[in-house]
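Heads up, the thing below is written out as structure tokens.
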Amino acid sequence: MSGAWEVVIGLEIHAQLATESKIFSGASTAYGAGPNTQACLIDLGYPGVLPVLNKEVVRMAVMFGIAINATIARRSVFARKNYFYPDLPKGYQISQYELPIVEHGELLIAGDDGTPKRIGITRAHLEEDAGKSVHEAFDRYTGIDLNRAGTPLLEIVSEPELRSATEAVAYMRKIHTLVRYLGISDGNMQEGSFRCDANVSVRPRGDDRLGTRTELKNLNSFRFVEKAINFEIERQIDVLEDGGEIVQETRLYDADRDETRSMRSKEEANDYRYFPDPDLLPVELTDAYIETVGKSLPELPDAKQRRFIDEFDLRSEDAAILTASRQLADFFEAAARAATAKPQLVANWVIGDLTGALNREGLDIERSRIGAAALAGLVNRIADQTISGKIAKEVFDAMWRGEGSADAIIDTRGLRQITDSSAIDAVVRRVIDAHPEQVAQYRAGKTKLLGFLVGQVMKETGGKANPAQVNAALRKELDAG
Amino acid sequence: MSLDRDQVRHIAMLARLELSDDDFADTVAKLSRIVDFVDQLSRAATDDVVPMAHPLNMNQRLRPDRVTEPNERDEIQKNAAAVADGMYLVPKVIE
Amino acid sequence: MTERDLHQMTLTDLAAGLAAGDFTSAELTRALLERIEALDESLNAFVTVTAELAMAAAAEADAARAAGRAGSLNGLPIAHKDIFCTRGVKTTCASRMLDNFVAPYDATVVARLADAGAIMLGKTNMDEFAMGSSNETSFYGPVHNPWDGERSPGGSSGGSAAAVAARLVPAATGTDTGGSIRQPAALTNTIGLKPTYGRVSRYGMIAFASSLDQAGVITRSTADAALMLGVMAGLDERDSTSVDHPVPDYVGNLRESLAGIRIGVVRQHFDAGLDDGCAAVTRDALAVLESLGATLSEVDLPNLDLSVPTYYVVAPAECSSNLSRFDGVRFGYRAQGIEDLLEMYCRTRGEGFGDEVKRRIMTGTYVLSAGYYDAYYLKAQQVRQLIAADFRRAFEQVDVIAGPTSPTPAFKLGDKTDDPITMYLNDIYTIGANLAGLPAISVPGGFVDNLPVGLHLVGTHFGEQVILDCAHAYERQANWASECPEGYL
Ligand SMILES: [Mg+2]
Ligand SMILES: [Zn+2]
């Protein structure tokens, strides 16, 4: 799209950490409670209260750091970011500034040119979330709900190494998959537990100076990230090509209008006056601790994908699809191990009919009506020719409806494939006798009529005859005559 | 004066403090006095001295991830100037 | 037993009297409440008197004793500086901002003293948010010094000091960020103890400067200070900066011989700025310590003169952030008739805070702001490191550092309000202990023109016992602590 222009994008992702209690207090982080029922004195910044750090958030940040093979700080420090806003109870946000817990990480994504591309991750730091302002509920007032205040966040900051909206989305999806694999975030975007801001700028191709950037906020879905960035790229290029200048500012993405709008800049530039929080002490981590956390890491998406290709020799695109979620990958692997059939055949059914059925009913894989072993049972019957692929779909639907195992359904409905040649020959002869002129035309050279005759045989056998055998038998009879 | 009126106005805005016009001059004078006084620090030789953020060098203690705080909203909100439907009210925020 | 005796008695003696059944906690509590009623009008030491709560608690304490369930402070009346949150009782920090604030919880210090059986008589006056050295910045007006009503009792714990000196209560809590317990103790002939940073929990103590604040106590005997500290000290899981360090039996360990104790005298302490009378009193006090077996030697604190400027960067920086929570939204004062959000903030804070608090918030905002952070805040934290190193070096040669608590005796109310710097310089001898987090105590050291002067003793981290020993031995020998201001006998 950009032609003479090179696009430069960096993402700041806020992932809510999946803890029971808040980062600095014992209040619950459960979503959807009544306003301020989960905001305790500490979350409210009451006079005299003090923060104490949640052990779990440290472990989760370290897990993430190891997963992106980053440097884990042996000593990290919490700082105060000072500014006034009604949803920020203390008048400062406790975050990490000079010494974050995670630095210099990296992630491989599929670049636009199709080849793998390394994206640097500058840092990932721990901080507390703010509350929520409710503007609609009252006409002259804004309501403040501080339930979310103090919820633990991991802010993940990428290097400005993304070169298009699609790369940005690929990166964001990769992080999203990763935090869910690690079990450190539920990644629920509707509930705001996975949010993204994008820093976007453009510069003449070949130029190595960065152009002036704008920060896009409020990008709460993959689709919006892509649309917002693309809109912003176009806007910036238009401005520059008309000889204008880009203003460094924060812009809000409006999904309804599909445009970004400048946020009216505050009465003055922010000066956050960061300084080390004197209520908290440095977080010191030992090598032993980091090693232990490292051992607890699950197999990560990239490794799993590679293993699926090597071990099950799957098509790489299928391996990618199956490892997009840890649960889907586990389901496939269980089915593949239970099956005597080729893993690729199992993969086709998981990606095809099963995913289709799940999507129709809006179920996720953990709640599939057909278990991994049961699906393996079905695929095995195709592999050993007990049923044809066509019949298999009928059996699948019956299984989905809960009518039992593949074998049980095949038996009760007598769907077993006919492979007995004498039985097939008998039907073939009956069909030939029943259709003299089609046979004549065939013999006169209209050989495509074979298909019609095969169809007749399948009809007579209720689709159970082995298609290959039927073909062979028909040809033999017709060509003989 | 080490601080001028505009600087003091800027600081007051950052700190969200309204200053009365009558003693604004006095505020500027006293703040300048304080800044001049602390300017003595520039005398100290502090090359590669590690800043001391804390009197004791200890590490942060970590608490177990347990929910310990009950909902006390109604008692807590008795201290608030304006609440409705469990929410704290502030003048409409225009975004 | 007459009331006169009760109010003159120390915490330790009252504990013995209660245990012996000479009087009940109800009698004692009523006697002191009546005394507050009669005398506090002119002193203004209390912001709130909790008479009913106190009488109810006293009855409970008497019942507990009868049932054989008496804690170490059972039935003993105390007062809390109004900076400690007290559940269901107004906690104002002597500020208009919190004039209507009722804390929904107890500070850890308040809870521990209550659990030991102490009876709260009320909340004492102070400099607004503990920012001041004269108690003149209180929204509720200045506290008057029992030794001379025209004079300041010092600050910021001036209400606690005056209440204890005037025999309205045998002990009161205080907080000390730069000398706010020790300087008022010195100016009122009481004992003021600031423990090691982290020794006592800060939870529920409204923060002024988090890396300097420490809770302590003002009493009329060193043994009483030791008794109170034993109850207040110890790890609190709710305060990340409170330290898990064993709490010794401070009272049981008290000794009267100072044989083998090495006391350092700071050369710089006798430089210009120290009142001649105070200098003389301090020298006499040092001689007494020597007579008790301690050995004296000179030590150096080369950066002492930089401690006040360092403090006036670090403390305001922390306070500017700590006091941002006072925005009129969740608690405290909110300006009336506001149109928009910015006005809510600026007028609420402009009207809710007094001048000195606003000055310190602005100073702190300035030293942290873009372009000035390195020159002021960072520089100050570096100088703070130098000051702490000076103490470490000195403590390689001595166990205790002794000197004057305050450069002058109590000054007249209004004398130092025009120039903030002259007020700040009051804390020249005390601030170092806060910057380095060291324990320190001020014990009555004598008089100049009928005005009390304090002897200041500083120890090493968690070295409370040694400074208590020195103070106790000195107190027994010199016996200044028993001097009572006229009109309060
Ligand atoms: Mg950010
Ligand atoms: Zn953030």
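Coordinate-derived values only; no laboratory data. The shown structure was predicted, so the numbers you read here are calculated from the model rather than taken from an experiment. Using ideal geometry, Cβ is built from the backbone for each residue, glycine included, and neighbour counts are taken over all protein chains shown.
Using the empirical formula 2.2 N^0.38 Å as the baseline, the Cα radius of gyration of region C:310-353 reaches a ratio of 1.33. The ranking of C:LEU235, A:LEU216, C:LEU323, B:LEU89 by Cβ neighbour count inside 10 Å, starting from the fewest, reads C:LEU235, B:LEU89, A:LEU216, C:LEU323.
Taking a point 7 Å out from the Cα of A:ASP407 in the direction of its Cβ, the residues of region A:333-377 whose backbone N falls within less than 11 Å of it are A:377.
Mean partner shielding of peptide A:27-38, defined as the number of other chain Cβ atoms within 10 Å of each residue Cβ, is 4. For the protein assembly as shown, the fraction of C-alpha pairs farther apart than 53 angstrom is 35 percent. Extension gain, C:GLN8-C:ASN479: 0.36 nm per intervening residue step, less the Cα-Cα distance, totals 168.1 nm.
Taken along its principal axes, the alpha carbon cloud of region A:146-242 reaches lengths of 46, 28, 22 Å, longest axis first.
Rg/Rh for chain A (Cα atoms only, Rh after Kirkwood) is 1.13.
A:ALA468 to A:ASN188: FRET efficiency via 1/(1 + (r/R0)^6), r the Cβ-Cβ distance, R0 60 Å, to the nearest 0.05? Mind dumping the intermediate values first?
Numbers: r = 50 Å, r/R0 = 0.83.
Calculated value: 0.75.
The calculated FRET efficiency for the pair C:GLU52 and C:GLU237, based on their C-beta separation and a Förster distance of 35 Å, comes to about 0.60.
Summary of the geometry: region C:313-350 and region A:405-481, compared by the centres of their Cα atoms, lie 88 Å apart. Taking label points 7 Å from Cα along the Cα-to-Cβ direction, A:LEU210 and A:GLN248 give a separation of 0.9 nm.
Looking only at Cα atoms, what is the convex hull volume of region A:178-319 per residue, in Å³? All intermediate terms of the calculation are to be shown ahead of the outcome.
Numbers: hull volume 36.5 nm³, N = 142.
Convex hull volume per residue, Cα atoms: 257 Å³.
Here A:SER133, A:SER388 are placed in order of increasing Cβ neighbour count within 10 Å, fewest first, which gives A:SER133, A:SER388.
What nm value, rounded to one decimal, do you get for the distance between A:ALA440 and C:ASP415 when each label is placed 7 Å out toward the C-beta? Label at A:ALA440, label at C:ASP415, 13.7 nm between them.
Multiplying the sequence separation of A:VAL239 and A:ARG416 by 0.36 nm and subtracting their Cα-Cα distance, what value in nm do you get?
Values: separation 177, 0.36 × 177 = 63.72 nm, distance 6.87 nm.
Answer, rounded to one decimal: 56.9 nm.
Taking only DSSP H segments of four or more residues, each worth -39500 (n - 2.57), what value at 222 nm results for chain A once the sum is divided by all its residues, to the nearest 500 deg cm²/dmol?
Calculated from helices alone, the mean residue ellipticity at 222 nm is -12000 deg cm²/dmol.
Mean sequence separation of contacting Cα pairs (under 8 Å, at least six apart), scaled by the length of chain C, corresponds to a relative contact order of 18 percent.
Computed over the Cα atoms of region A:55-176, the ratio of the radius of gyration to the Kirkwood radius (Rg/Rh) comes to 1.07.
Per residue and in cubic angstrom, what volume does the convex hull of the Cα atoms of chain B have?
Numbers: hull volume 27.1 nm³, N = 95.
That works out to 286 Å³ per residue.
Estimated from helices alone, the mean residue ellipticity of chain B at 222 nm is -9000 deg cm²/dmol (sum of -39500 (n - 2.57) over DSSP H runs with n ≥ 4, per residue). Could you tell me which of rounded, prolate or oblate describes region C:236-332, using a ≥ b ≥ c as the square roots of the eigenvalues of the alpha-carbon gyration tensor, with rounded for a/c under 1.5 and, failing that, prolate when a/b is larger than b/c and oblate otherwise? In terms of gyration-tensor shape, oblate.
When a/c is below 1.5 the answer is rounded, else prolate if a/b is larger than b/c, else oblate, so apply that to region B:36-85 with a ≥ b ≥ c taken from the square roots of the Cα gyration tensor eigenvalues. It comes out oblate by the Cα gyration axes. Please state the shape class of region C:165-303: rounded when a/c is under 1.5, otherwise prolate if a/b exceeds b/c and oblate if not, all from the C-alpha gyration tensor. It comes out prolate by the Cα gyration axes.
A straight line joining the Cα centroids of region C:88-148 and region B:23-95 runs 20 Å.
In this simple spin-label approximation, C:ALA287 and B:ILE94 carry label points 7 Å from Cα along the Cα→Cβ vector, and these lie 7.6 nm apart.
Across peptide C:356-362, the average count of Cβ atoms from other chains found within 10 Å of a residue's Cβ is 5. Share of pairwise Cα-Cα distances greater than 23 Å in region C:1-97 is 30 percent (whole percent). Each residue in C:ASP427, C:ASP249 was given a count of other beta-carbon atoms within 10 angstrom of its own, and listing them fewest first yields C:ASP249, C:ASP427.
Take every residue in peptide B:15-28, count the Cβ atoms of other chains within 10 Å of its Cβ, and give the average of those counts. Don't jump to the answer; show the numbers that get you there.
Numbers: counts 20, 18, 15, 11, 5, 3, 0, 0, 1, 0, 0, 2, 4, 0.
Partner Cβ neighbours, averaged per residue: 6.
Convex hull over the alpha-carbon atoms of chain C: what's its volume per residue in Å³? Walk me through the numbers before you get to the answer.
Details: hull volume 66.6 nm³, N = 489.
Roughly 136 Å³ of hull volume per residue.
At 0.36 nm per residue, and after removing the present C-alpha to C-alpha distance, how many nm does the segment from A:ASP112 to A:LEU363 gain when stretched out fully? Show your work: numbers first, answer last.
Numbers: separation 251, 0.36 × 251 = 90.36 nm, distance 3.18 nm.
Going from the current span to full extension adds 87.2 nm.
A run of chain A free of exposed loop cleavage sites, with trypsin sites (Lys or Arg not before Pro) counted only in DSSP states other than H, G, I, E and B and at most 15 other beta carbons within 10 Å, reaches its longest extent at A:1-73.
Computed across region A:104-149, the Kirkwood hydrodynamic radius from all distinct Cα-Cα pairs reaches 14.5 Å.
Only DSSP H runs of four or more residues enter the estimate; each adds -39500 (n - 2.57), and after division by the residues of chain C the mean residue ellipticity at 222 nm equals -11500 deg cm²/dmol.
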